[in-house]
1. Using a 1.4 angstrom probe, figure out how much accessible area region 529-652 has per residue, in square angstrom, rounded to the nearest whole.
2. Select from region 235-315 those GluC sites (Glu not before Pro) which occupy a DSSP coil region and have at most 15 other Cβ atoms within 10 Å, ordered by residue number.
3. Provide the net charge surrounding Gly142, with neighbours chosen by a C-beta distance below 13 Å and charges set as Lys +1, Arg +1, Asp -1, Glu -1.
4. So which GluC sites (Glu not before Pro) in region 26-113 pass both tests, a DSSP loop state and at most 14 other Cβ atoms within 10 Å of the Cβ?
5. Please compute the net charge surrounding Tyr340, taking Lys and Arg as +1 and Asp and Glu as -1 over other residues with Cβ under 9 Å from its Cβ.
6. Under the rule of at least 5 residues apart or a separate chain, name every residue whose amide H is placed under 5 Å from the amide H of Gly509.
7. What does DSSP give for the chain in terms of the percent of beta bridges that are antiparallel, rounded to the nearest 5?
8. Count the DSSP beta bridges whose two residues both fall in region 89-221, then state the antiparallel fraction as a percent rounded to the nearest 5.
Amino acid sequence: MASEPGHRAIEIESILQEERRFKPPAGFGERAWIGDFAAYQQLYARSVADPEAFWADLAQKELHWFAPWQQVLDWQEPFARWFVGGKINLSYNCLDRHLPERGDKTAILWEGEPGEVRALSYAQLHAEVCRFANALKSLGVGRGDVVAIYMPLVPEAAIAMLACARIGAPHTVIFGGFSGEAVRDRLNDARAKVVVTADGGFRKGAIVALKPRVDEAVAQATSVQHIVCLRRTGQEVAMQPGRDLWWNELVARHSSDCPAEALDSEDVLFILYTSGTTGKPKGVVHTTAGYNLYSHITSKWIFDLRDEDVYWCTADVGWITGHSYVVYGPLSNGATTFLYEGAPNQPDPGRFWQMIEKHRITIFYTAPTAIRTFIKWGDEWPKRHDLGSLRLLATVGEPINPEAWIWYHRVIGGERCPICDTWWQTETGGIMITPLPGATTTKPGSATLPFPGIVADVVDREGNSCEANEGGYLVIRKPWPSMLRTVYGDPERYRQNYWGQVPHVYFAGDGARRDADGYFWVMGRVDDVISVSGHRLGTMEIESALVSHPAVAEAAVVGRPDDIKGEAIVAFVTVEAGVEQTAPLLDELRAHVVKEIGALARPEEIRYAEALPKTRSGKIMRRLLRSLAAGVELTGDTSTLEDRSVLEKLRDG
Ligand code: WTA
């Protein structure tokens with residue numbers, strides 16, 4: 001499955017030359033949860049010497065339990081159960097326990113794209129969550145019933161998630177940019193009973209329709225019994241009597257009294273679909289207690305959360321970052337989490353900076369692709385605003401190039417904010433490799449060191465640790481509380497994908513190297529997953545979409561390095577006999593991918609090919625296509641190519 005990590009050799013070389021070092025800003029450590037490097041080292045040493053004692057101690061101190069666990073970890077490789085027998089509720093830990101001291105504190109601060117602002121205190125959020133939890137129960141949703149959430153980034157999305165967590169109904173949040181077809185596949189795979197959606201949302205000054213896509217999806221998803229629809233934009237939508245209910249009418253009938261259920265530590269909290277190496281996205285399963293603990297403690301130590309902070313993570317709740325670091329992690333800590341519904345350039349490219357100034361945001365967490373876009377838009381936009389409230393910056397989703405890191409540090413952070421480049425995945429549930437802001441000296445482009453309790457390494461195929469600066473596979477050697485438990489409905493795929501690649505370790509699918517200081521430099525995927533604007537897509541997924549069009553015989557999709565997006569999608573297609581290779585057909589194919597998956601998967605370029613380069617065993621040689629797409633000289637071995645003339649034609653065409 002994995003190809004050689006070497007295809008990113010060029011990037012590796014440029015990053016190898018990065019010599020700059022940034023100590024934690026003066027005074028930062030004195031107030032931070034983890035105050036200096038020695039404190040980190042001690043904590044880390046303790047965490048790996050006796051991981052169970054380390055996690056048990058934190059679980060006891062940081063979370064509320066209805067009943068204690070009997071066993072910290074039950075590890076039957078590759079299946080883990082954490083805090084076995086414990087009774088807990090994540091929504092209780094995010095809400096109820098804060099009420100005595102923080103009832104009036106703002107939990108969710110939200111700004112819609114058109115500019116309206118809402119603040120929900122912990123007491124108000126608690127009441128809304130309870131009301132919606134009761135509403136779900138009235139629709140027959142109980143422990144174990146899956147609820148799909150397909151919404152714009154409005155407080156109700158978080159309310160729906162917390163309501164599910166409160167009653168033990170696993171949620172599956174589907175990013176609003178996915179198409180009706182993609183929604184349908186997820187509803188069917190998860191056997192969702194209820195879908196929570198909205199009439200639409202605001203994006204780039206326009207209205208995005210959501211309910212019609214749900215209607216389309218539900219027509220072919222028999223498990224769905226009800227659709228709850230929030231009125232957000234006010235546009236006309238079809239409502240099917242008996243099946244469809246308006247959010248506001250539904251909650252008005254229910255009380256705000258809904259005690260949190262004492263759930264099992266290992267009750268499924270959510271399923272989140274993500275791309276892998278096959279045509280079908282996989283449902284990553286996370287459970288309650290371990291996820292709660294890990295998202296809580298990483299939020300606290302990495303973002304150094306305190307009561308005065310106004311914290312903003314720009315992710316959508318449709319992604320793992322939105323789960324762990326917009327909703328659950330910050331709220332479990334009693335923090336104020338800021339949500340913004342819309343686009344960063346609406347009405348102008350200064351929107352983010354204007355909101356940071358207006359809401360006095362102190363912590364800002366975004367993706368490198370966004371930073372590169374801001375650089376392109378020009379320094380004048382951030383410079384128009386007072387960004388003096390910021391005290392900590394962070395990034396996630398892709399490697400950050402040192403230039404973007406330095407710009408972020410200088411122009412946004414005013415050279416006074418530490419930057420946490422956080423490496424992790426949907427599967428890991430929380431941040432795995434990261435600086436701790438008061439403790440770790442940073443190097444631009446490196447995610448630095450593992451979080452306490454995380455035994456990360458760079459290895460070869462057999463699992464031997466690589467030498468310093470030698471490229472290899474990024475793996476995790478020991479189970480951790482928020483690791484995925486399985487692939488929904490497919491434990492064999494879980495075993496094979498994550499624990500069957502290199503013996504006895506978790507295989508992340510990323511290439512990396514460690515430098516002489518032990519710092520990790522993540523180089524990107526070594527499998528057929530690409531990252532477009534920080535969004536993870538499978539090349540096979542896009543290929544399946546293309547070949548589902550009647551004109552297409554075969555398709556191969558690769559990523560091409562892109563200055564802004566990280567990677568852009570390039571597709572090579574062969575057409576069925578008798579089909580003409582026209583320009584309008586290319587447009588049609590692009591539109592077809594959007595319909596099958598969503599706008600985020602739209603190929604930047606589609607090229608016609610007479611044939612695709614294959615090995616004698618029939619495998620498409622993506623390495624060659626990647627070079628062709630990038631317009632670089634073909635290097636490496638082409639001797640396994642079945643028919644050399646295919647390559648010549650592709651190059652000339
Ligand atoms: C990539 C997002 C380099 C990586 C939380 C990983 C990163 C994939 C970083 C997971 C980083 C994430 N540096 N690469 N700091 N963070 N990645 O599941 O390739 O959407 O495997 O989770 O993003 O993407 P996912």
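The values are calculated or read from the model by the stated rules, or taken from the named source; none is laboratory data. Just so we're clear, the structure is a prediction, and the values are computed from it rather than from any experiment. So basically every Cβ, Gly included, is an ideal-geometry build from the backbone, and we count neighbours across all protein chains shown. Note: accessible area is taken over every heavy atom of the protein model, side chains too, but ligands, DNA and RNA are not part of it. Shrake-Rupley method; radii C 1.70, N 1.55, O 1.52, S 1.80 Å.
1. Spelled out: the 1.4 Å probe surface of region 529-652, per residue, equals 45 Å².
2. Within region 235-315, the qualifying GluC sites (Glu not before Pro) (loop, at most 15 other Cβ atoms within 10 Å) are Glu236, Glu308.
3. Charge balance in the 13 Å sphere: +1.
4. Numbers: sites: Glu30, Glu52, Glu62, Glu101, Glu111; in loops: none.
Taking region 26-113 and a limit of 14 other Cβ atoms within 10 Å, no loop GluC sites (Glu not before Pro) are found.
5. -2
6. Distant-sequence amide H within range of Gly509: Leu474.
7. Around 60 percent of the beta bridges assigned by DSSP in the chain are antiparallel ones.
8. Bridges in region 89-221 that DSSP calls antiparallel: roughly 55 percent.
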